[in-house]
Structure formats: structure tokens, C-alpha cells
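Written below as C-alpha cells is the structure these notes are about.
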Amino acid sequence: MTTEAQPADRFLRTHWLFLVALLAGGGLRALAVLGYRPALWFWPDSFTHLDAALALRPTGSHSSGYPLFLRLLSPLQSVQAVVAAQHLLGLATACCVYLLLRRLARLPGWGATLAALPALLDAHQIQLEHLVTADALFQSLAVLALTLLLWNRRPSARTALLAGTLLAAAAATRALGLPLLLLVLVCLAVRRAGWRAVTATAAAAALVLGAHAVWFAAEFGHHGLTRGNAHLWARTTTFADCARIRPTGPAAALCPAEPLGERKPPPAYLSDGGSPLNTFQGSPAERDALAGDFALQAVRAQPADFLRTGLADLAHVFDWDRRVYPTAEDQSAHVFPDAAASLPDTPAAGGRTAAELTTAYQDDPGEPRLVDPYAGWLRAYQEHGFLRGPFLGVVLAIGLIGVLTRWRRLGGALLPPWTAAAALIALPQFTAAFDHRHAAVAAPFACLAAGLAFGGRDSETAAGTPALTGDPAEDPVNPPDETARRASATADVHPDGNPQRIVPYRPPNPVDGVLVHPRYELADVGRGPAAYPDPDPVPLDRADPDPAQPFDFFKRDPQHRDPGLTAAAPPPPAQGPQQPADRDKPQYYKY
């Protein structure tokens, strides 16, 4: 075997299981691209994004990050190319989870691959990537930002700047990215990632979001990212009792007409043209402000009902069977459908129909088409190929236990991904409505936190050390000299790539004045390939010129022989008369 082929062979031996799972995930995504053409549409959000991308302007009802993504890909003139790019981002998300667990937690290949399986093989994750919506892009941006920030114990300023830019882009893609950005900044400060990293991340995010707010103000006259009060108002329609709220001013007109117990799900109040919000006479900005006013009054008057409603929807995330919500027809937007429905002829966004918007983007109406047998295979797979709710609950519980057991370090490296997963699952249930897609978006973060909880060594210090990936590792503090990189073996001798018992580098961590604390002894021993060949090889012994002479262990190499007939050593110099030793007085000798 040639020397050039050795790194590739070592890479395949180390990551073969993940590569197999990656190929399987790519195959499932290929079925989606072949079976559901050109993409899956989500009415009317998909066409609102297309309209904003074509006009290159912010929208009041949705964040503007995804329209900019569509605009970036518009030269391809293909919606199918857009979903293909989103599928590639989904595969990249799984790769980030795998690499972080191999580097930080030192998990074996099968353990890191297991944690990455929901991002690779979950049918609803693949369906989310095949929708023309912002969720897949938001997920990939957030996961990549966390990967950059967790890769090293103290991220460099350049890395933090890039991560802050990605987090700001995620916040501009979905409104949930803003609380996620704040949580990540808090976690960086708690983990003592360094003031440069925290400042650079915050500065980059503030610059990007500030530019977006200025762009938003140029279109709507006030600074902001989006108008999201309508979703919060729809959330309150489930429990709002106007007899208890007693709303004041124009907000009283937003009280639902139906009695409690007979009301429609929250999304229906947003899409129904006869809902109190949609029939209110006023500009979009006035309706949004009024919706926010009513929602705040409802939450203040009925805080217990607000919490009970949100917790009830949160519990449905962990059901064994996926809940059909709000109706069977609406639920089909979150699965691969059995039949292709024609696009409605009514205006979708900007006064244009869905077919007109799609034609303007790709010169084709974009009517949905199902192609068998690919679509049939994918529908059969989605019956069981997804992460069920109870398993997601177990994954979250494992991550929480890992955070709590690291309470001395305030959660360590587990804190950012676990808090991100918890926020992405819980917040939408209280601010919008129940939706299965929120759990799919949060699953990679939850799996990452659970994998870090299973780490064989402290991930807080492992973040500064190289991963056991089969390649020669480098000391992060004292990099070896170039001369140490040269192998001492001859050309016909190949290094052993099998795992060996090694003690990886650990910087001193003083605890109570002790450089090496006893609790680190067992955690420091792991299995992995040797990092480098011996930089100081033992020289070969020279031939013994006289094997008849016995070997003297206590004499150095040039003098391994008996003195033979050599002259005796001279006597020591004469000394003066010695006095009897007196233990109580110091003795002096004169030479």
C-alpha cells in the first residue's frame, strides 16, 4: 500500500459507519427530489417568500432572511434547486453534530453517528427541507454558529465574528432566532469563553440586525425585524375570556365571537378572512399593534390560563403518534402527501396568484407533481422512519441530566445546545401554536446535548484538544517541531493505525493548589491512534568488537569492558591526622 493511500484508509476505517448513514440520508433526500417535484408548498407562506424575493423588499408578516436566500439562488431559476440546496444544508447539519461529538465528547464513531441519525434519516426532517419555508435554513444557520463557538474552548475573535453573523442571519430568518441569540451570548459568558469572543459575537450580530432594522424602517417607517403580534393574538384566542379581560379601546373588537370550548385552532384565526383581526379596518401596522395590545391584556388578566394552554400544547410534542392538528387537511402540510393538490387561483401575495409568482421566479407555474415509485417509497418510509415524541423526551432528559451533573461548571459545553433545544420546542407553544415542525427543528440541538452528556471525558477541557479522528493530532499549546513530524521508520514499514491506549494532553488545572487533580486520572485515559511517530528514536546498537568480555551495566557505552591489565588508580592525596569524631562539634578537614 502506498503512503498516499494511508490517510484515506485511516479516514474510512474511523468514520465508515457515519459515511454509511450519510449515504442513506442522501438517498432519502434523492427520493424526495425525484418523487415530489418541484417542491412542497406551504400556503400562503411559500408564496409570500417568493414575492419578497422577487421584489427584494422586507415583509411585515415574515422575516426577510429566507427571501434573501431565495434571491441568492434566483439565477438558477429553479425551485427544485432551492430545495436541493436545503437538503445539502440538512446533511451539513448532521455532519456538524457528528464532528462536535467526536471532538468534544470523544464519543466512538457509532455513538456520534447515533446522535446524528435524526438529522440524517428522520422523514419529517427531510420533509421540512423539501418545503419552501424558512425552517431548514434557520436550523442550519443556528447549528453551524454553535459549531463554530463550541469547536474551541475559547473561540478566536474571527470565529466569534463569523458565528455572530450566522446567528444574526438566523434571527433574520425566523423570529425565534432572536431569543436564541440572547441565550447563546449568555451561555458564552457563563462558560467564560473570553470577553473577546462574547464581544465579537454580540458586535457582529448587532451590526447585521441593525442593518436589517434600517432596511425594514425604509419600507415600513419604523425599525424592526418583523411584525409578529398577530401570532400571539391567535394564541390567546384559545383561552381569552373578554368578560374577565375587559379589553379597553379598539382592542375590544378583537374578542373572538365563539364561546370558549367551541373556538377554532389559532392558525385558523390567521388564515380566516372573517376573523376579528382580518376584518378590522386599518393598516397592517395598526392591526399588528392592536393585536399586540389585546394579547398583552389577555395574558395579564389570565396568566394561569395562558400557562396551562401553552403547557398542554407542549405535552403533545411528546406523544407517541403525531397529532393531527389543527385538522387533517392542514396536517398534510407537514408530511409527504398521498396526492398532489393544485395551486389555488386566489391571490397568494402581492396581488398575484401562486402560479404567477412561481412563473416569475422559474419560468414555470410550479404545479406539484408526484412521481412514482419514488414518492410511494418515501411515504412508506415516513410511516415509521422518524423520531417519536417519547424518544425526543428521553433525549432532552439525558441532556438535562448532563447539564445538572456539571453544575460546578454551570452546564459546561452542554448548556448552549440544550437551552437552544428547549427554547425552540417550548417558546412556539406559548407565542404561536402547536406545530410538529418546531420539534423537528430542535432535534439536532437536543441530540447534540445528549451526546455531550455521554462524553467519556470533560467536554469543557476537551474543546481545546484535537479529536481522535485517525489523523495525526496536534498539541494545542506546544505544537511539535517539523522535525518531529518526520517518521523514523523506513519506507517499507507502515505505522500502526489500530487504537492504542494513550494519555491525551491535558493542560494543568489547579484545584486547591494541586496541578493535577485525582478526579482527572481515569478520565484522561482513552483509546485512539498514536498521534506522532517517536521524534527521538532509539539508535541501533553498534556491533560488539569483543563479545568475550562481560557486559558491565554500570559503565557507559565506550567503556563496557573490564579494566584488564591497566594500571591501578593513584592513591588519594595524603591527609593530616584525623581526630576522633565528635558528634556534638562540626568536623573540619584540611587537605
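The values are calculated or read from the model by the stated rules, or taken from the named source; none is laboratory data. It should be emphasised that the depicted structure is a prediction, and the values quoted were computed from it without experimental measurement. Glycine gets a Cβ as well: all are built from the backbone with ideal geometry, and neighbour counts include every protein chain shown. Accessible surface is based on the protein model in full, side chains and every heavy atom, while ligands, DNA and RNA are left aside. Shrake-Rupley method; radii C 1.70, N 1.55, O 1.52, S 1.80 Å.
Taken over segment 235-268, residues that are modelled with pLDDT under 85 and not in a loop (DSSP other than H, G, I, E, B) amount to 3. Taking the listed residues Ala291, Ala285, the one that is closer than 16 Å to Asn229 by Cβ, in a helix (DSSP H, G or I) and either modelled with pLDDT under 85 or of a type in the set (Ser, Thr, Tyr) (or both) is Ala285, with no other qualifying. Can you tell me which of (1) part of a helix (DSSP H, G or I); (2) under 25 Å from Thr93 (Cβ atoms) is the one Arg10 doesn't meet? Exception for Arg10: condition (2). Against the criterion of being buried (at least 19 other Cβ atoms within 10 Å of the Cβ), among the hydrophobic types (A, V, I, L, M, F, W, C) and out of contact with any Phe, Trp or Tyr (no Cβ under 6 Å at 6 or more places or on another chain), Phe294 does not qualify. For segment 180-201, the set of residues classified as of a type in the set (A, V, I, L, M), out of contact with any Lys or Arg (no Cβ under 8 Å at 6 or more places or on another chain) and either outside any helix (DSSP H, G or I) or over 14 Å from Leu166 (Cα atoms) (or both) consists of Leu183, Val186, Leu188, Ala189, Val190, Val198, listed by residue number.
Please specify each residue of segment 306-338 satisfying the condition of being hydrophobic (A, V, I, L, M, F, W, C), modelled with pLDDT of 85 or more, closer than 19 Å to Leu128 by Cα and surrounded by fewer than 17 Cβ atoms within 10 Å (Cβ to Cβ).
Hit for segment 306-338 is Phe318, nothing else.
Of the residues making up segment 53-81, those that are open to solvent by 70 Å² or more (accessible area, probe 1.4 Å), over 21 Å from Asp288 (Cα atoms) and not in a helix (DSSP H, G or I) number 2.
Sort out which residues of segment 207-234 are more than 23 Å from Thr165 (Cβ to Cβ) and within 29 Å of the chain's Cα centre (by Cα), and write them in order of number.
Arg227, Asn229, His231, Leu232
Of all residue pairs spaced 6 or more apart or on separate chains, those with beta-carbon atoms under 8 Å, a first member in segment 417-443 that is charged (D, E, K, R) and a second member that is assigned to a helix (DSSP H, G or I) and open to solvent by 10 Å² or more (accessible area, probe 1.4 Å) are Asp435/His334; Arg437/His124; Arg437/His334.
Got at least one residue in segment 95-103 being open to solvent by 40 Å² or more (accessible area, probe 1.4 Å), charged (D, E, K, R) and either touching a residue at least 40 places away in the same chain (Cβ under 8 Å) or within 20 Å of Val132 (Cα to Cα) (or both)? For segment 95-103, residues open to solvent by 40 Å² or more (accessible area, probe 1.4 Å), charged (D, E, K, R) and either touching a residue at least 40 places away in the same chain (Cβ under 8 Å) or within 20 Å of Val132 (Cα to Cα) (or both): absent.
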